[in-house]
1. Is it the case, given these coordinates, that THR217 is more than 25 Å from PRO98 (Cβ to Cβ), among the hydroxyl-bearing types (Ser, Thr, Tyr) and not assigned by TED's automatic domain parsing to the domain that holds PRO97?
2. Would you confirm whether any residue within segment 128-148 is among the acidic types (Asp, Glu), surrounded by fewer than 21 Cβ atoms within 10 Å (Cβ to Cβ) and touching a strand residue (DSSP E or B) at 6+ places or on another chain (Cβ under 8 Å)?
3. Looking only at segment 1-34, which residues are free of Cβ contacts under 8 Å to residues at least 60 places away in the same chain, farther than 23 Å from ASP204 by Cα and buried (at least 22 other Cβ atoms within 10 Å of the Cβ)?
4. May I ask you to say which residue of ASP226, ASP204, ASP182 is acidic (Asp, Glu) and in contact (Cβ under 8 Å) with a residue 12 or more places away in the chain?
5. If TYR8 satisfies every condition in (1) part of a loop (DSSP other than H, G, I, E, B); (2) touching a Leu at 6+ places or on another chain (Cβ under 9 Å) but one, which is the exception?
6. Between a residue in segment 41-59 that is outside the structural domain of THR217 (by TED's automatic domain parsing) and any residue that is small (Gly, Ala, Ser) and not in a strand (DSSP E or B), which pairs come within a Cβ distance under 6 Å, given they are 6 or more apart or on different chains?
7. Given the conditions (1) surrounded by fewer than 12 Cβ atoms within 10 Å (Cβ to Cβ); (2) of a type in the set (Asp, Glu); (3) farther than 30 Å from ASN57 by Cβ, which single one is not true for GLU173?
Amino acid sequence: MTFETIEYAVDGHTATLTLNRPEALNALSPHMITELRAAYDEAENDDKVWTLVVTANGRAFCTGADVKEIPGDGKVINERPYLSTYEQWEAPQEGTPPFRSMTKPIIVAVNGICCGAGMDWVTTGDIVIASEKATFFDPHVSIGLVAGREVVRAARVLPRTVALRMALMGKHERMTVQRAYDLGMITEIIEHDLLLERAHEIADIVNSNAPLAVRGTRLAILKGLDMPLHEAEMLAESFRERVTRTEDALEGPRAFVEKRAPMWQCR
């Protein structure tokens, strides 16, 4: 597939999606959102792809919605007519990967400024790493808007008081990459020029594991977070049971006994 506002490439079992509006600090336009949706769908439905890496070109990762393309009525930016699709009746997702319905893990590599809707990748990604140049903030209240799902998600990742500080300070205070790491919002700080290389190293490690087991584990954790503990345990065990019926579940123990690397077939 060819895109105008993003880049998409597959190498081995890893797809890399790169936000590519550096002149606009990778702000989200309606067309960019449409292209992101198509790329997510491509990655999820391509059997060769086991893991998705998301990063960006330029000095910003994503600075949220492109304010020059937000209609005067404040309605969610979208290329489809207003309220013509189910997703427009939901909380607006803008650039957010469909993390609730995707099975494949998402690695996010934050290369620079990350704010507003850009935070959605940080709070919904499975493994999040960042360049030493990365900074994080939410500018909504500073431009007259309510900070919505972005900070609601942040409050599930950060301590409540930290998320409130970020939301209420708006553009006037930025969280450093070190602070983000110390609070657990990201899992690794990388030398800037090595960021994408490290993201691909992590993807290779994830892909060295049984892909269906990885997906079942990811789904068990994410879906379980919204459940009482016992129900979450039962759901996780149901995923475990399903995966035991796959060829890869037989290959793993066999390879261990034979002292060789497993040959995963993703089936």
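1. When the stated conditions are applied, THR217 does not pass them.
2. Scanning segment 128-148, I find at least one residue that is among the acidic types (Asp, Glu), surrounded by fewer than 21 Cβ atoms within 10 Å (Cβ to Cβ) and touching a strand residue (DSSP E or B) at 6+ places or on another chain (Cβ under 8 Å), so the answer is yes.
3. ARG21, ALA27
4. Exactly one residue qualifies, and that residue is ASP204.
5. For TYR8, the exception is condition (1).
6. Pairs that qualify, where the first residue is outside the structural domain of THR217 (by TED's automatic domain parsing) and the partner is small (Gly, Ala, Ser) and not in a strand (DSSP E or B), are VAL49/ALA43; THR51/ALA203; LEU52/ALA43; VAL53/ALA199; VAL53/ALA203; ARG59/GLY112.
7. Against the list (1) surrounded by fewer than 12 Cβ atoms within 10 Å (Cβ to Cβ); (2) of a type in the set (Asp, Glu); (3) farther than 30 Å from ASN57 by Cβ, GLU173 comes up short only on (3).
So that you can scan it fast, the table gives a plain yes or no per residue for (1) touching an Asp or Glu at 6+ places or on another chain (Cβ under 8 Å); (2) modelled with pLDDT under 95; (3) within 20 Å of LYS223 (Cβ to Cβ):
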position: ILE107; (1), (2), (3): yes, no, yes
position: ASN111; (1), (2), (3): no, no, no
position: ALA117; (1), (2), (3): yes, no, no
position: THR124; (1), (2), (3): no, no, yes
position: SER142; (1), (2), (3): no, no, no
position: ALA147; (1), (2), (3): yes, yes, no
position: ALA154; (1), (2), (3): yes, no, no
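The values are calculated or read from the model by the stated rules, or taken from the named source; none is laboratory data. It should be emphasised that the depicted structure is a prediction, and the values quoted were computed from it without experimental measurement. Heads up, the Cβs are rebuilt from the backbone with ideal geometry, glycines too, and the neighbour counts pull from every protein chain shown.
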